[in-house]
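I have placed the structure first, in the form of structure tokens, so that the comments after it can refer back to it.
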Amino acid sequence: MKTELEQRIAAACKELFDAEPQIELTRPEEQFGDYASSVALQLAGQVGKPPREIAEALAAKLRQTLAKQISEVSVAGPGFINLKLSGQALAAAVQSQPARSLKDKIVAAEYSDPNPFKPLHAGHLYTTLVGDVIARLLETAGAQVIRINYGGDVGLHVGKTMWAIIRELGGEDSAKLEHIPARERPNWLGARYVEGNEAYETDETSRRAIIELNKRVYALHEQQDHQSALAQIYWTCRDWSYEYFKQLYDQLQVHQFDRVIPESEIVPLGLKTVREHVGKVYEESADAIVFKGEEHGLHTRVFITSQGLPTYEAKDVGLLMTKWQDYHFDQSLVITANEQAQYMQVMLKSVAQFAPEPAERSRHLTHGIVKLAGGVKMSSRKGNVVGALDILEAAHEANQKLTGQQNEDAVLGAVKYAFLKTRIGGDIIYDPIESVSLEGNSGPYLQYAHARARSILRKAEGQPAEPADLQADERSLVRKLTEYAETVDLAVSELMPHHICTYLYELAQTFNRFYEHNRVLGDERQAARLWLVARYADTLKTGLGLLGIAAPEQM
């Protein structure tokens, strides 16, 4: 409906004033109408007439051309045009679908990105959930989304963990790994990483040993070694990490990844690409290879170390070029923490010097730090990390305490919604008790709202019927229902899932006000009101589905 109205207003501007302004309808407060336009103010200078006069002329024209859809066209203030839909047109607009603005576009969406050999913390949980929803939004807009998970199976963090593993085992004896129970393996690896990092930072002898071990791990990949004692420890523990990641993804009920790309896979291309452009883009400096970003308003970063090893920067060059070669994407989306913002700017700017197209089509979306209620920040290096599964366990405990039951749908709904309802970019404060509450702006509140609506429909005798006219409270609810498609369009354009959360919460509140003052079952308008309840329940279910949250029939 919104698009049709914008087209009609554009046609009226062309006919009356031979002008082609950009028309964008907004939502005014309900007492002023359903849509508003400031086009008359835009045209005033171009047409040479007062905006109020332009608005009156446009309003008169729209009353003729939109007589079936519009019950009222009014002019307010200096020249704002307010449009009120007829009850029939408003009810029909509930069926409006989100725009297919990305139809046939290829989007490589990279998110989650946990590193093997390290704890998977709440920050990874956040990027996993946000990335999953953003991928769903992109698909809703018609995009072909390739979900990519990239992780560091080589690098200094692996050297640190491997050093501590060998120390714990008393040597390169992979047989001793069999004695570590499967349920303890993620925490066991996390503890080894903390030990290795501590040794690297405080003891020079250990630091040198870790650096040498890091080189040996790279050599395992270069030589395709799966048989040596070191290789058996490495590949076994890497598999442990991937099994742990899969366990979490299954528990979260997120969409499967189309491709998992380990760093070891893209290291050769990253090194080759950087070295090919030494002297043109990259420079040698103290036996290392760097990109001097100062001339681009950035800073210098090392891409290949003096020991000939790739840094994260060179690996990301290889990753970007791999995505480009394999998918020739229309957009590459990468979701990481805010702390990587400047790093990614330098990496992309370097690639833009020799491959501008993939660099320009890349978008880096960043988020803040995940903290526990009370302001505790997590650090996997220091060991005071809150694991992703710890967050889920805390939600389970809070839900058990509140309801006396174990409800996986409610727990997942609580955690997902708690992370998604905040605008991406700021820090996230997670409070398990607040997240599982059946009151307030929470996932379980919306799940209960859906179950309650379905309960009303189950109790009804008779079928819903689309209303031919709307009473005031009914109209308010229908008006809110018509905002769903526009909200999804906004969430897609900004890649901000919180818009969906805000809308669904407001929709539930609007329904509660309607239901408080209007009887449904047994009322003379039962058929029409059942139609409203059904559309409300369907919209809640669809919106929750976009957020990856189940909409149970009963709670």
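Values computed for the structure shown
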quantity	calculated
Spatial separation of Cα centroids for region 296-339 and region 483-555, in angstrom	42
Neighbourhood charge, 9 Å Cβ-Cβ cut-off, centred on ASN82 and excluding it, Lys, Arg +1 and Asp, Glu -1	-1
Average Cα contact separation per residue, region 382-438, under 8 Å, 6 or more apart, as relative contact order %	39
Sites ARG183 and ASP469, calculated FRET efficiency, Cβ-Cβ separation with R0 60 Å, nearest 0.05	0.45
Net charge of Cβ neighbours under 13 Å - reference GLU294; Lys, Arg +1; Asp, Glu -1	+1
Region 2-85 - convex hull of the alpha-carbon atoms, volume per residue in Å³	75
Net length gained if the chain between HIS328 and ARG63 were fully extended (0.36 nm per residue, minus Cα distance)	90.6 nm
Label-to-label distance, nm, for residues given as LEU521 and ASP287 (7 Å Cα→Cβ offset)	8.1
Flagged links, alpha-carbon separation over 26 Å, of LYS105/LYS280; LYS160/LYS280; LYS371/LYS416; LYS105/LYS480; LYS49/LYS480; LYS68/LYS105	LYS105/LYS280; LYS160/LYS280; LYS105/LYS480; LYS49/LYS480; LYS68/LYS105
Evaluated at q = 0.07, 0.11, 0.12, 0.13 Å⁻¹: base-10 log I(q)/I(0), Debye formula over Cα of the chain	-0.54, -1.06, -1.17, -1.29
Spacing of the two label points (7 Å from each Cα toward its C-beta) at ARG423 and ILE106, in nm	3.4
Student exercise, the chain dipole from Lys, Arg, Asp, Glu Cβ charges, in Debye to nearest 20	720
Among beta bridges that DSSP assigns inside the chain, antiparallel share in %, nearest 5	45
Rough spin-label spacing in nm, given labels placed 7 Å along Cα→Cβ, for THR502 and GLU72	2.7
Relative contact order %, the chain, counting alpha carbon pairs below 8 Å whose residues are six or more apart	14
Rounded if a/c under 1.5, otherwise prolate or oblate - region 222-271, Cα gyration tensor axes	oblate
Magnitude of the charge dipole, region 48-172, Cβ model with Lys/Arg +1 and Asp/Glu -1, debye to 20	680
Protection proxy ranking, peptides 60-70, 116-126, average beta carbon neighbours within 10 Å, highest first	116-126, 60-70
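FYI, it's all coordinate maths here, none of it is from the lab. None of these values were measured; they are calculated from a predicted model. All Cβ positions, glycine included, derive from the backbone under ideal geometry; neighbour counts span all protein chains shown.
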